[in-house]
Every structure is written in structure tokens, then in C-alpha cells.
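The values are calculated or read from the model by the stated rules, or taken from the named source; none is laboratory data. Since the model is a prediction, treat every value here as computed from it, not as a measurement. Note: ideal-geometry Cβ built from the backbone for every residue, glycine included; neighbour counts use all protein chains shown. Quick note on the areas: whole protein, heavy atoms, side chains included, nothing else; ligands and nucleic acids left out. Shrake-Rupley method; radii C 1.70, N 1.55, O 1.52, S 1.80 Å.
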Amino acid sequence: MRVLYIYCHPLPESFHAAIREQALAGLKAGGHDVDLLDLYAEGFDPVLSADARRRYHDTSHNQTGVEDYVRRLTSADALVVQFPVWCFGMPAMLKGFLDRMIMPGVAFDITDPAKVEPMLGNLKRVTGIVTYGRPRWTAFAMGDPPRKIVKRYLRWFADRRARVDYHALYHMNVATPAQRAAFMEKIKLAMTRLA
């Protein structure tokens, strides 16, 4: 499978970097073709400018400045998003990426505003790899927005039969080295079996 792996963490020495290393090793072992999109390393601009918002509905011009990202998204068979949960949400960098990529003519067809249709049927798999600093019950109490964005929102744009997986490590700040290692091994295995 062609996998677009969207990675969102600013620190190269982070636990997330270690998770990513294992995930990529698993994808390689599974024979997948991976396009790593490290939003921070690539210097992605998450800001939706006034001009970009003005041309948002104009499908002949709304991709200006993000054509390569659109190409990468629309040519993938699978989408993996990896990020930490901050303030019970995804980092602003990743939210900005979605704000700029989930647009008419790319992710959905709004020709008939009363019947919006998804357009990312190329995506057969959507996977989230996420860490939380807080325990599971606190995320549940807040409605767990990151889980809903991956499992419901992103899935809506994908192929109707797309499989969605969500791998979360809760209470990461107090996780033992053994718990962290087990989570990384779980991710590596899941990525090897991605199909």
C-alpha cells in the first residue's frame, strides 16, 4: 500500500520520534511504500490565510500553494496520523493541516451544498497513533475529540469500506519504560499488518 504517514511533533528526541521509528520499521517490514510527511521538519504553514479562505470554494484556485500536499494525500491508499494530544486536542500544526487539506475538490464535493459527497475514496485505511498525558477516563469525560476526529471525521472522507484503527497510549507521563516499549511494539506489529 502507498501510505501517507503524517507525523506531528516538534522534538526529534521525543518519545513520539521513537514511536515513529518503530512504526516506519513495521511499515517497511510489511512491504509498504511510505511517504513520511513530518509537518515540522517540512516547515508546513498551518495558517489558512485570508486569501486562501477567499478562494476556498473555488476549486480551480483553492489548491494554490499546497498542490504537492494535495497530490500526496490523493495518491495514498492509507493515511496514518501520529500526534500527541495537547489540551484534549491535536496540535495546532496538525489541525491547520486538516483545515488546509480538507477542502472542496480535494476531500469533498460541494457542488450540491445540500448533498456534500466525500472524495478521498483512494483511502482504504485510516490509522491514528496517539499519546495522551492524562488517563483514559479524563479523555472520555471531555468527549475524546482526537479519537472522534480520526475514527469518524477522517473516515467520512475515505472509501466507504475503509478500515479505521486508533492506537492510543493514555497517561503517558506516568507510563513505565515497559509500558512504553510494549506500546511501540504494538504499533510496529500493527503497521506490519496494515493492509
query: Only one of ARG161, ARG152, ARG147 is touching a Lys or Arg at 6+ places or on another chain (Cβ under 9 Å), modelled with pLDDT of 95 or more, among the basic types (Lys, Arg) and over 17 Å from HIS16 (Cβ atoms); which?
result: ARG161
- prompt: Mind checking whether some residue in segment 50-70 is open to solvent by less than 70 Å² (accessible area, probe 1.4 Å), touching a Gly at 6+ places or on another chain (Cβ under 9 Å) and polar (S, T, N, Q)?
  reply: yes
- line: Of the listed residues (ILE19, ILE6), the one being surrounded by 15 or more Cβ atoms within 10 Å (Cβ to Cβ), assigned to a strand (DSSP E or B) and within 17 Å of the chain's Cα centre (by Cα) is ILE6
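Taking the criterion of being of a type in the set (D, E, K, R) and surrounded by 15 or more Cβ atoms within 10 Å (Cβ to Cβ), would at least one residue in segment 99-121 satisfy it?
Yes; the residues of segment 99-121 include at least one that is of a type in the set (D, E, K, R) and surrounded by 15 or more Cβ atoms within 10 Å (Cβ to Cβ).
Quick check: is even one residue across segment 57-69 β-branched (Val, Ile, Thr), more than 21 Å from LEU154 (Cα to Cα) and in a loop (DSSP other than H, G, I, E, B)? First the steps, then the outcome.
Taking segment 57-69 and keeping what is β-branched (Val, Ile, Thr), we get 59, 64, 66.
Then drop every residue that is not more than 21 Å from LEU154 (Cα to Cα), which leaves 64.
Those still in the list that are in a loop (DSSP other than H, G, I, E, B) too: 64.
Checked segment 57-69: at least one residue is β-branched (Val, Ile, Thr), more than 21 Å from LEU154 (Cα to Cα) and in a loop (DSSP other than H, G, I, E, B).
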task: Give the number of residues within segment 30-68 that are more than 22 Å from VAL80 (Cα to Cα) and among the small types (Gly, Ala, Ser).
output: 5
message: Looking at segment 122-138, can you tell me whether even one residue there is farther than 30 Å from ASN62 by Cα, open to solvent by 20 Å² or more (accessible area, probe 1.4 Å) and part of a helix (DSSP H, G or I)?
response: yes
field: When residues of segment 24-42 are limited to those that are farther than 11 Å from TYR7 by Cα and out of contact with any Leu (no Cβ under 8 Å at 6 or more places or on another chain), the one surrounded by the fewest Cβ atoms within 10 Å (Cβ to Cβ)
entry: GLY31
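Table: residues versus (1) touching a residue at least 60 places away in the same chain (Cβ under 8 Å); (2) open to solvent by less than 20 Å² (accessible area, probe 1.4 Å).
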position: GLY143; (1), (2): no, no
position: LYS148; (1), (2): no, no
position: LYS151; (1), (2): no, no
position: PHE157; (1), (2): no, yes
position: ALA162; (1), (2): no, yes
position: ALA178; (1), (2): no, no
position: MET184; (1), (2): yes, no
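So if I check each of LEU27, LEU98, LEU73, which one is touching a strand residue (DSSP E or B) at 6+ places or on another chain (Cβ under 7 Å), within 21 Å of ALA168 (Cβ to Cβ), at pLDDT 95 or above and in a helix (DSSP H, G or I)?
Details: LEU98 fails: touching a strand residue (DSSP E or B) at 6+ places or on another chain (Cβ under 7 Å); LEU73 fails: within 21 Å of ALA168 (Cβ to Cβ).
Just a single option satisfies the conditions, and that option is LEU27.
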query: If a residue has to be assigned to a loop (DSSP other than H, G, I, E, B) and either buried (at least 16 other Cβ atoms within 10 Å of the Cβ) or touching a Phe, Trp or Tyr at 6+ places or on another chain (Cβ under 6 Å) (or both) to count, how many in segment 164-176 make the cut?
result: 3
